[in-house]
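Written below as structure tokens is the structure these notes are about.
The values are calculated or read from the model by the stated rules, or taken from the named source; none is laboratory data. Bear in mind the structure is a predicted one, so any value in this text is a computation, not a measurement. FYI the Cβ positions are ideal-geometry reconstructions off the backbone, even for glycines, and counts take in every protein chain you see. When the accessible area is computed, the model is the full protein with side chains, heavy atoms only, and any ligands, DNA or RNA have been set aside. Shrake-Rupley method; radii C 1.70, N 1.55, O 1.52, S 1.80 Å.
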Amino acid sequence: MALARKGTRIINIDGETYRWVVAPNDPDNAIVVESADRPGQRMVTWVEYGTVIAPGLVAWAIRNALGKGWTPRERGVQLTYPLGTVHSMV
């Protein structure tokens, strides 16, 4: 199921367009990302509540997920990253 367009943002990374949204969930937030052109496998990165979620962080999460085998244009099980993965970048 594709992300709804309302409330999502678009980001272009290395020539590919992605749609993303922050899904609040007490006590953390999830960054949910999928291909904007042909949604397939979703990627979710969990970050601590209060973390500033800016396009730079989203871009980092996308590149990290792609490096670990995320296939955003192909159907598949949602790829989820634990909290600690994002904190290693800062």
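At a probe size of 1.4 Å, how large is the accessible area of ASP14, to the nearest 10 Å²?
The accessible area of ASP14 comes to roughly 120 Å².
For GLN78, what charge total do you get from the other residues with a beta carbon under 15 Å from its beta carbon, if Lys and Arg give +1 and Asp and Glu give -1?
Within the 15 Å Cβ shell, the charges total +3.
Relative contact order for the chain: what percent, with Cα pairs under 8 Å and sequence separation of 6 or more?
Contact order relative to length: 25 percent.
Rg to Rh ratio, region 1-53, alpha-carbon atoms and Kirkwood radius?
Using Cα coordinates only, the ratio equals 0.98.
What number comes out for the charge environment of LEU3, summing +1 per Lys or Arg and -1 per Asp or Glu over other residues with Cβ under 12 Å away? Spell out each step's value before the answer.
Values: positive: ARG5, LYS6, ARG9, ARG19, ARG42; negative: GLU34.
Local net charge: +4.
I need the trypsin sites (Lys or Arg not before Pro) found in region 1-54, filtered to DSSP loop residues with at most 14 other beta carbons within 10 Å of theirs. Intermediate results must be reported in sequence, preceding the final value.
Numbers: sites: ARG5, LYS6, ARG9, ARG19, ARG42; in loops: ARG5, LYS6, ARG42.
Loop-located and lightly packed - ARG5, LYS6.
So I have (i) 100, 73, 16; (ii) 31, 28, 23; (iii) 63, 43, 19, and one of them is Cα extents along the principal axes in Å calculated from this model. Which one is it?
Only one option fits the structure, namely (ii).
Can you show me the helix-derived [θ] at 222 nm for the chain, built from DSSP H runs with n ≥ 4 at -39,500 (n - 2.57) apiece and divided by the number of residues, rounded to the nearest 500.
The helix-only estimate for the chain comes to -5500 deg cm²/dmol at 222 nm.
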